Amino acid sequence: MRVARTASTQEVVLRAAREGAGDGFACLAAEQTAGRGRQGRAWVAPAGSSMLASVLLRRSPAVAAGIPFAAGLALVDVLASDYGVTAGLKWPNDVLIGGRKLAGILCEVEPATSTSELVAVALGIGVNLTVNSFPDDIAAVSLHTLVPTPPEAESLLAGWARALAIRIEVLEQGGIAALLGDWRRCAVGLGGPVTVHASNATTHGIAVDVGDDGALLVESAGRVHRFLAAEVHLGSDTTEPAEAK
């Protein structure tokens, strides 16, 4: 479904999941009034300037755990194949170009309709298409500054969905480990310093790798710490701009 304005495409899809919508249900919005990124932060974009969409996926628990990696890789794929843009991935799936954020991806589970066989995942994505300016404290980039003609939101969404289907097929056959070779080749920040906020604790260290289960591995004070859910800041700086799409 397409809407001109909504509070959040994620909320539309999560509600649809509770009402019994099937795999592949999607919502594309020209504007969000209460969009959100990871860690509950706001996701703000001028009306009509971004691709703001969410998709419902019903997959096994093992596959659902790898969807964030598949989703990020799918966007990198379509940017390269359709628009000639080379992008990188900050763990697990922020899409960066030259260290600036082009897109963010958010995965949320709808527990009320998830079972031991199938997990209902609302997969949200926001891509800056024609955002003319960003606040001074946000390191972001818009696609229209990188290509002669930026795509329409519908066109980019369709291309991403096709690439996502291919990546999820690989995930279903080989698990997260089957995606990690490509993910590492796109990774931004591996081998360098990071600051990780998780479980009300902060860890400063070196991002050494990603485990076969998708966990970020950070070496700090002689130990390797594993993070499956965390907020990661690249470099030794302890602050990072708020989310922006």
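For every residue, the table says whether it meets (1) in a helix (DSSP H, G or I); (2) in the same structural domain as ALA87 (by TED's automatic domain parsing); (3) charged (D, E, K, R).
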residue	(1), (2), (3)
GLU169	yes, yes, yes
LEU180	yes, yes, no
THR202	no, no, no
GLY205	no, no, no
ASP209	no, no, yes
GLU219	no, no, yes
HIS225	no, no, no
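Quick check on region 96-106. Is at least one of its residues free of Cβ contacts under 8 Å to residues at least 60 places away in the same chain, more than 16 Å from the chain's Cα centre (by Cα), surrounded by fewer than 17 Cβ atoms within 10 Å (Cβ to Cβ) and on the phi < 0 side of the Ramachandran plot?
Kept after step one, since they are free of Cβ contacts under 8 Å to residues at least 60 places away in the same chain, are these residues of region 96-106: 97-98, 100, 102, 105.
Now restrict to residues that are more than 16 Å from the chain's Cα centre (by Cα): 98.
Next, only the ones that are surrounded by fewer than 17 Cβ atoms within 10 Å (Cβ to Cβ) stay: 98.
Now narrow it down to the ones that are on the phi < 0 side of the Ramachandran plot: none.
Within region 96-106 (the criterion being free of Cβ contacts under 8 Å to residues at least 60 places away in the same chain, more than 16 Å from the chain's Cα centre (by Cα), surrounded by fewer than 17 Cβ atoms within 10 Å (Cβ to Cβ) and on the phi < 0 side of the Ramachandran plot), the answer is no, since none of the residues qualifies.
Of these, LEU75, LEU79, LEU57, LEU96, which one is touching a strand residue (DSSP E or B) at 6+ places or on another chain (Cβ under 6 Å), among the aliphatic types (A, V, I, L, M) and not in a strand (DSSP E or B)?
Details: LEU79 fails: touching a strand residue (DSSP E or B) at 6+ places or on another chain (Cβ under 6 Å); LEU57 fails: not in a strand (DSSP E or B); LEU96 fails: not in a strand (DSSP E or B).
Residue meeting the stated conditions: LEU75.
Looking at region 69-92, which of its residues are over 22 Å from GLU154 (Cβ atoms) and not small (Gly, Ala, Ser)? Explain how you work it out, then say what you get.
Step one: filter region 69-92 for residues over 22 Å from GLU154 (Cβ atoms), giving 69, 86, 88-92.
Listed by number, the residues that qualify are PHE69, THR86, LEU89, LYS90, TRP91, PRO92.
Restricting region 107-144 to residues that are under 12 Å from the mean Cα position of the chain (by Cα) and not acidic (Asp, Glu), which is farthest from GLY20 (Cα to Cα)?
Here is the first cut: in region 107-144, the residues under 12 Å from the mean Cα position of the chain (by Cα) are 107-108, 122-127.
Remaining after also requiring not acidic (Asp, Glu): 107, 122-127.
Numbers: CYS107: 18, ALA122: 13, LEU123: 16, GLY124: 18, ILE125: 22, GLY126: 25, VAL127: 28 Å.
Of everything passing the filter in region 107-144, VAL127 is farthest from GLY20 (Cα to Cα).
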- Task: Six or more apart or on different chains, Cβ under 6 Å: which pairs go from a residue in region 19-32 that's surrounded by 18 or more Cβ atoms within 10 Å (Cβ to Cβ) to one that's of a type in the set (Lys, Arg)? Could you list them?
- Result: LEU28/ARG2
- Message: Could you check region 158-208 and list, in sequence order, the residues that are free of Cβ contacts under 8 Å to residues at least 12 places away in the same chain and in contact with a helix residue (DSSP H, G or I) (Cβ under 7 Å, 6 or more places away or on another chain)?
- Response: ALA178
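The values are calculated or read from the model by the stated rules, or taken from the named source; none is laboratory data. Bear in mind that the values here come from a model prediction, so they are computed numbers and not experimental data. Note that we place each Cβ from the backbone using ideal geometry, even for glycine, and neighbour counts take in every protein chain shown.
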